[in-house]
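Written below as structure tokens is the structure these notes are about.
The values are calculated or read from the model by the stated rules, or taken from the named source; none is laboratory data. Just so we're clear, the structure is a prediction, and the values are computed from it rather than from any experiment. Heads up, the Cβs are rebuilt from the backbone with ideal geometry, glycines too, and the neighbour counts pull from every protein chain shown.
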Amino acid sequence: MKLTILYTGQARTAAGVERETVDVSAPRSVAEVLQILASKHESLRAVLLATDGKAHPSLMVFVNEEQTRTDARVDWKDGDQVMLVPPISGG
């Protein structure tokens, strides 16, 4: 099934694209989708994943505009949108 991934902030810069479509087999947790993306774009690994390989604790993930925990299992449907919102820093 195809998911549309929407990148914001640092994730967009690291991926080099604003959005992309990825094929995943169901069922997959949000964390497993993040692992797939980190494998696809090595530059995203530090943005999406902590040093222990789990989802970065301050990463916000929205599935079809609803905030979702990174450890949640999702009943994915073809065409679902996943928006990744990494923390914003600055001063």
Return the residue satisfying two criteria in turn: it lies in region 1-14 and is of a type in the set (A, V, I, L, M) and either farther than 12 Å from L48 by Cα or under 11 Å from the mean Cα position of the chain (by Cα) (or both), and of such residues it is surrounded by the fewest Cβ atoms within 10 Å (Cβ to Cβ).
M1
Does P87 meet the test of being farther than 21 Å from D23 by Cα, assigned to a loop (DSSP other than H, G, I, E, B) and without any contact (Cβ under 8 Å) to a residue 24 or more places away in the chain?
no
For region 27-69, how many residues meet the condition of being touching an Asp or Glu at 6+ places or on another chain (Cβ under 8 Å) and either under 14 Å from D80 (Cβ atoms) or at pLDDT 95 or above (or both)?
5
Taking region 19-78 and keeping only residues that are polar (S, T, N, Q), under 15 Å from M1 (Cβ atoms) and either surrounded by 17 or more Cβ atoms within 10 Å (Cβ to Cβ) or touching a residue at least 40 places away in the same chain (Cβ under 8 Å) (or both), one is left with S29
For region 47-70, check the following and say yes or no: at least one residue is within 12 Å of the chain's Cα centre (by Cα) and in a helix (DSSP H, G or I).
yes
